[in-house]
Amino acid sequence: MTRSESVNELAAALAKAQGDILNAKRDAENPHFRSRYADLGSVWDAIRAALSRNGLSIVQSPRLITTNEKVWLLEVETSMLHQSGQYLSDVLAVPLAAPTAQGIGSATTYARRYALAAFAGVAAAGEDDDGNAASEPPAVKPRDELETVTVQVLGIVKRAISNGKEKFVISADDKQTYQTFSVTQATTAKDAKAASHPVEITYKTTQYGRDIVALADATLEEPPI
């Protein structure tokens with residue numbers, strides 16, 4: 001997350017706004033899961049008046065990026081602005097099965113809805129609705145269960161987050177992304193990509209994504225004992 005040097009006025013305004021924000025109504029239906037969810041319009045209906053009364057606004061900017069012709073990501077940058085000029089901003093990336101018009105459109109709506117609800121503190125998300133057309137649903141795996149994959153690194157993107165920290169998002173040829181705060185792991189991935197070597201990634205799936213626990217060049221031999 002990026003932010004202005006000071007957010008004291010924004011924080012005070014958001015605290016007041018959240019006192020008036022209610023949960024968004026689940027007034028749309030997901031035919032794939034036969035469930036109801038709060039769509040993007042419902043999230044906006046739940047927050048618009050409270051934000052406006054307190055000098056807050058939201059700007060969302062989508063962009064399509066690719067690290068390789070096989071891996072496409074739809075990113076939505078969401079910024080919360082205060083009338084004082086203070087701001088908070090972060091990016092949500094959604095993987096695309098294919099960069100079609102329908103896929104891009106549905107991924108944009110999906111990312112905007114979840115990012116908007118998260119920024120405003122709205123309990124709005126039901127089952128995956130428009131995201132069905134954006135990408136194939138991942139298999140549900142227990143939290144904190146370690147998994148290991150051997151993949152080719154397609155790209156590495158550095159993201160700024162809060163408290164001056166940076167994380168590295170690694171895209172791979174299995175059409176997944178993995179993230180780490182380790183400069184050493186990111187450097188190993190970068191070197192392996194430059195040498196066209198596969199890497200072995202051990203990771204755990206959390207609410208934030210696939211967090212890398214260990215990463216190594218898969219072509220390097222074990223040192224002799």
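Read the figures in this text as sums done on the coordinates, not as results from a lab. A quick note: this is a predicted structure, and the numbers were derived from the prediction, not measured. Heads up, the Cβs are rebuilt from the backbone with ideal geometry, glycines too, and the neighbour counts pull from every protein chain shown.
Each Lys or Arg adds one and each Asp or Glu takes one away; over the other residues whose Cβ falls under 14 Å from the Cβ of Phe119, this sums to +2. Working from label points 7 Å from Cα in the Cα-to-Cβ sense, the Ser61 to Ala97 distance is 3.1 nm. When the square roots of the Cα gyration tensor eigenvalues are ordered a ≥ b ≥ c, the ratio a/c for region 146-217 is 1.5 or more and a/b does not exceed b/c, which makes its shape oblate. Take every pair of alpha-carbon atoms less than 8 Å apart whose residues are at least six positions apart; their mean separation over the length of region 146-217 yields a relative contact order of 34 percent.
To the nearest 0.05, how large is the calculated FRET efficiency for Gln18 and Ala195 if R₀ is 45 Å and r is the Cβ-Cβ distance? After rounding to 0.05, the efficiency reads 0.35.
Note the full-extension length gain between Ala218 and Phe181 as 0.36 nm times their separation in residues minus their Cα-Cα distance, in nm to one decimal. All intermediate terms of the calculation are to be shown ahead of the outcome.
Numbers: separation 37, 0.36 × 37 = 13.32 nm, distance 2.04 nm.
Residue separation times 0.36 nm, minus the Cα-Cα distance, leaves 11.3 nm.
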